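Student: I am attaching a structure below and will ask some questions about it afterwards.
Every number in this text was worked out from the coordinates using simple rules, so none of it is lab data. If you're wondering where the values come from, they're calculated on a predicted model, not measured in any experiment. Cβ atoms come from the backbone with ideal geometry, glycine included; neighbour counts cover every protein chain shown.
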Amino acid sequence: MHKILRRIARVGIVSEPAPAPAPALRLLAALDALILQRLGRALAIRHVDAGSCNGCELEIHAVGNPYYNLEGLGIKFVASPRHADLLLVTGPVARNMEQALRRTYEAMPAPKLVVAVGDCGCTGGIFGESYASLGRVSNVLPVDVAVPGCPPRPAEILQAIVTAVTADRRSLPASP
């Protein structure tokens, strides 16, 4: 025991330097400032699964984990489209979900931002258009940003949110 303590006293504390912040964390800080500047309040997101395999949902849940910490930045998922600023849609639009998706979109207050997530939401994926599927989200709603990938990474979903908030500058209200 004494041998170990002498060695610690002689050598000192040896540790690695702290790692540089991940690009995703820098993106989060920029996102927070941007949303407050553009909207003047927190961003509220309504998520709709229009018929996906739940792969994209797992990545959306990862966006809310402690690493990305959207809730800490003031970005929140809401249950009612009446409180939402952005609609996040996953999966190809099943024919049975078309009316529900349209009603959700119509219930949102202006400005209405829509992000299609995953290959299925962007192109219809392996399901395409068929008797049971209308295909891509843009066949039903006007899409502002599409995030390809099967499933896309959480950082890509965050980048799409940033793009959606910054893209349509004319329809967003000015900061109070």
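Student: Using Cα-only point scatterers and the Debye equation, what is log10 of I(q)/I(0) for the chain at each q in 0.10 Å⁻¹, rounded to two decimals?
Tutor: Log10 I(q)/I(0), no solvent term: -0.43.
Student: Can you compute 3J(HN,Hα) from phi for each residue in the range 80-93, using the Karplus curve 6.51 cos²θ - 1.76 cosθ + 1.60 with θ = phi - 60°, rounded to whole Hz and x for Gly and Pro?
Tutor: 9, x, 5, 9, 8, 9, 9, 9, 9, 10, 10, x, x, 7
Student: Something else about it: In deg cm²/dmol and to the nearest 500, what is the mean residue ellipticity at 222 nm of the chain if only DSSP H runs of at least 4 residues count, each as -39500 (n - 2.57), divided by the residue total?
Tutor: Mean residue ellipticity at 222 nm (helix-derived): -11500 deg cm²/dmol.
Student: What's the ranking of 34-42, 89-97, 149-157 by average number of surrounding C-beta atoms within 10 Å, highest first?
Tutor: 89-97, 149-157, 34-42
Student: Turning to a different aspect of this structure: Report the extension gain between residue 42 and residue 106 in nm, rounded to one decimal, defined as 0.36 nm multiplied by the number of residues separating them, less their alpha carbon distance.
Tutor: Result: 20.9 nm gained on full extension.
Student: Another question, then. Using only alpha carbon pairs under 8 Å that are at least six residues apart, calculate the relative contact order of the chain and give it in whole percent.
Tutor: Computed value for the chain: 24 percent relative contact order.
Student: Continuing with the same structure: Amide H of residue 133: which non-local residues (sequence gap of 5 or more, or other chain) have their own amide H closer than 5 Å, using H built in the peptide plane?
Tutor: 95
Student: Can you give me the long-range amide H partners of residue 114? Hydrogens built in the peptide plane at 1.01 Å from N, cutoff under 5 Å, separation of 5 or more residues or another chain.
Tutor: 87, 144, 145
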